[in-house]
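Take a look at the structure set out below.
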Amino acid sequence: MILYDYFRSSAAYRVRIALNLKKIAYTQIPVDLVQGAQRNRDYLLKNPQGLVPLLEDDGQLIHQSIAICEYLDEKVTEPSIIPTDINERAMMRSIVGMIASDIHPINNLRVLNYLSDEVGITGEQRKAWYRHWMLVGLESLEEFLSASNKTGDFCIGDQPTLADICLIPQLYNAQRFKIETDQLKVIKRIESNCQKIDAFSRAHPDENI
């Protein structure tokens, strides 16, 4: 498999975790988002959105990190990252939506660049935007996890799922932007448990520069 990747991309980080959990060997091709490599013609022919990650498997191109993770789960069934129980599966999808649909998109690099380049906000205003929406999302998620009797060592039960795969990259971003998260007790506990797993550690941006 080939993963078109950028080390700090939250979405690509998710896929690296999933690949590692599944013990799938893959080749990384870096796409430098800061330098604009995602807008190169050759890459746009593969991915018209000009985003990462993009997974290539035997000539098949799979776009979007959640779709890629689900593809990997169907291709290599163990260990599963999607719960078999219908209620736990619904909870997982809710958490994935909170992170991948509500938190991540409005703090994405292209959104931040638009705010700076087109709207004209200052660097400090841009950081304030990022921190505000990150905390709004994480605080809501903390309440959600705290209220659920399905939350265990991980977001759902005692095995990592796609929910944890989405959570950890977002917490990395919070750390980068110096957002205080110690008050998020459940989330911090889950983060600590994930950090003990090699598949998560090897996917960390510092290991993929």
Next item on the list: Please identify the longest segment of the chain free of exposed trypsin sites (Lys or Arg not before Pro), where exposed means a DSSP state other than H, G, I, E or B and no more than 10 other Cβ atoms within 10 Å.
Entry: 24-177
Checklist line | Neighbour-limited loop hits for chymotrypsin sites (Phe, Trp or Tyr not before Pro), segment 123-200 (at most 13 other Cβ within 10 Å; DSSP other than H, G, I, E, B) | finding: 177
Check: According to a simple spin-label model (label point 7 Å from Cα along Cα-to-Cβ), what is the distance in nm between residue 185 and residue 85?
Finding: 2.3
Note to self: In Å², and per residue, what accessible area does the chain have when probed at 1.4 Å with the other protein chains present?
What the structure shows: 51
Notebook entry, point to check: Where does the chain land on Rg/Rh, using Cα atoms and the Kirkwood Rh?
Noted result: 0.96
Next item on the list: Divide by every residue of the chain the summed helix terms, -39500 (n - 2.57) for each DSSP H run of at least 4, and state the resulting mean residue ellipticity at 222 nm, rounded to the nearest 500 deg cm²/dmol.
Entry: -15000 deg cm²/dmol
Item checked: P(r), alpha carbons of segment 10-125 - 5 Å bins starting at zero, rounded % -> 2, 10, 16, 21, 18, 15, 9, 5, 3, 1
Check: Percent of accessible area on the chain owned by carbon and sulfur, 1.4 Å probe?
Finding: 49
Next item on the list: Give the span of segment 95-189's Cα atoms along each principal axis, as three whole-Å numbers ordered largest to smallest.
Entry: 45, 23, 19
Check: Quick one: net charge of residue 175's neighbours, Cβ under 13 Å, K/R +1, D/E -1?
Finding: +1
Notebook entry, point to check: Between residue 61 and residue 101, 0.36 nm times their residue separation minus their Cα-Cα distance comes to what?
Noted result: 12.2 nm
Next item on the list: For residue 111 and residue 76, calculate 0.36 nm times their separation in residues minus their Cα-Cα distance, and state this gained length in nm to one decimal.
Entry: 9.2 nm
Notebook entry, point to check: For the charge dipole of segment 17-62, defined by +1 on Lys and Arg C-beta atoms and -1 on Asp and Glu C-beta atoms about the Cα centroid, which residue among 37, 59, 21 has the Cα displaced farthest towards the positive pole?
Noted result: 21
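The values are calculated or read from the model by the stated rules, or taken from the named source; none is laboratory data. The structure displayed is predicted, hence computed values, not measured ones. So basically every Cβ, Gly included, is an ideal-geometry build from the backbone, and we count neighbours across all protein chains shown. Note: accessible area is taken over every heavy atom of the protein model, side chains too, but ligands, DNA and RNA are not part of it. Shrake-Rupley method; radii C 1.70, N 1.55, O 1.52, S 1.80 Å.
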